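To start, the structure under review is shown below, and the notes come after it.
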Amino acid sequence: MTVTSHQARSDAPLRRPDQFYIAGEWVAPSTTATIEVVDPTTEELYLRVADAQPADMARAIAAARTAFDTGPWPGLTHAERAGYLRAIADGIRGRVDDASGIWSREAGVVHRIARFSIGTLPAVYDYYAGLADDFPFAERATPGGGGEYGLLVREPVGVVGAIVPWNAPMQLIAYKIAPALLAGCTVVLKASPEAPGGAYLMAEVAEAAGLPPGVLNVVTADREVSELLVTDARVDKIAFTGSTAAGRRIASLCGNRIARYTLELGGKSAAVVLDDADLQQTALALSRAECFLSGQVCSSLTRIIVSRHRHDALLDALAASFSAVRVGDPFEATTEMGPLSVRRQRDKVLGYIEQGKASGATLAAGGGRPRHLDRGWFVEPTVFGNVDNSSTIAREEIFGPVLTVIPVDDEAAAVRTANDTIYGLNASVFTDDVDRALAVARQLRSGTVGHNDFRTDFGIGFGGFKQSGVGREGGRDGLLPYLESKTIILNATPADARTEG
């Protein structure tokens, strides 16, 4: 659907952004504190939402705890809970226009891409609903140390605190609350203050789907109040997506009370370009992928590793391809890359670019603000060559449209360089030889390795090695963190099992 300029600039399609969704109701906040959300394209106010204070967070946690301890939700069958997930999926299908508009206004993502991506989310809820039919929530086991009948059961972990960032909220919400709800958990969803609209929309969808009170609670809070969710003993598990620095803090807080957690953190992912790779196709694939969310993707392939004798040719190809990207208003039909999501992130990226210039790296494209745009938090698609892997722009996650090309002597050095990082979220191997791609992929310390393109697949599973995270999201593995395993050993076979036999 084509969105007109007037439609694109309308108010957020949310009913109660001045309240919180707690215990199945829209409730007034404890204070008049609010958070302002600014459109990164226009630098104008887009949305104002309630700012949760300690009393509001405590109320949301209490609602989730009560719903888990005394409510009907954990006692429903998985098939019954799956029915709610399918209703949520249908609710999202009916709100694709609203959700995609919010995402473009809050994060600057190109609208036609936003609409396509949001349109895929109902399938996530349907997928987890489908696991109700064949996931082994209870398995017969033969006791080895006494007893006649053994059973391994997987039960809900309890109350989940789900914390999502500002770059792709609804996608990251889906891969947290869909498996959590199927498992039988209750959830406090903490939205990012920079992009709370998707979480509010999900609260409206959950309300329309008829979720029992307290099963999903939604608040928006900044870091100080968010930590109360992490430290509260009534919360059994934290599911977090964000920076590695914030992940370290959350892990330490959870460790103090042995709370469960999964962390999907940062990356500085490598594209290993082997000597038989087509450089023009490689450059096109890498620059095209980096346009999505203006490079604000934790799994972006931003370290391009290539043999020294092919470095200049690849650098030229990347510079030509990336500098040709059309940057502008995400609602314009010809735009290929929008602004960065928040002002401080724009400033941070520009700071890294200045460090790259000072390091002696070759600036082959970009390097500043697009000259034709006088407002909005835009950064030119930028490419550095002759980058030393020990330099700041090669070590730290920039989280913006900045590519670094690193020359190496041979394939073995390419693998060593790719692995020489604290991160291990994503990687890719560029070669026409699929067997060679597999051989190199097996050597890379990364949660995902693609071939000849940027690739991730939450349907299989997503997560990182090293400081890129703990645990996995998506696929069957993404359900496991919301379950606790319990071994039951009985002296005789129970009636239900005898009947099944």
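Since every read-out is calculated from the coordinates, none of them should be taken as a lab result. For clarity, every value in this text was computed on a predicted model and none was experimentally measured. With ideal geometry, Cβ positions are generated from the backbone for all residues, glycine too; neighbour counts draw on all protein chains shown.
Note on the chain: helix-only mean residue ellipticity at 222 nm, from DSSP H runs of 4+ residues weighted -39500 (n - 2.57) and normalised by residue number, equals -11500 deg cm²/dmol.
Figure legend: label point modelled 7 angstrom from the Cα of Ser359 along Cα→Cβ; residues of segment 324-350 with amide N under 14 Å from it are 349-350. Normalising the average separation of contacting C-alpha pairs (under 8 angstrom, six or more residues apart) by the number of residues puts the relative contact order of the chain at 17 percent. What the phi angles of segment 259-276 give under the Karplus curve with 6.51, -1.76 and 1.60, with θ = phi - 60°, is a coupling list of 6, 6, 7, 10, 10, 10, 10, x, x, 9, 7, 9, 10, 8, 9, 7, 5, 9 Hz, glycine and proline written as x. Across segment 269-451, the mean sequence separation of Cα contacts (distance under 8 Å, 6 or more residues apart), normalised by length, yields a relative contact order of 29 percent. Using a simple spin-label model with pseudo-atoms 7 Å out from Cα toward Cβ, Ala28 and Leu373 lie 4.1 nm apart. Helices in the chain that qualify as membrane-span-like (whole DSSP H runs, Cα extent of at least 15 Å along the helix axis, mean Kyte-Doolittle hydropathy of 0.0 or higher) are 54-69, 121-134, 169-183, 197-209, 279-291, 311-323.
Normalised by the residues of segment 5-265, what does the relative contact order come to in percent, with Cα pairs under 8 Å and at least six apart?
Contact order relative to length: 25 percent.
Overall, the chain carries a charge dipole of about 700 debye about its Cα centre when +1 sits on the Cβ of Lys and Arg and -1 on the Cβ of Asp and Glu, all other atoms neutral. Between Ala439 and Ala208, the FRET efficiency estimated from the beta carbon spacing at R0 = 45 angstrom works out to 0.35. For Trp166, Trp73, Trp103, Trp26, the sequence from fewest to most other C-beta atoms within 10 Å is Trp26, Trp166, Trp73, Trp103. For Glu139 and Lys348, the difference between the fully extended length at 0.36 nm per residue and the C-alpha to C-alpha distance is 70.2 nm.
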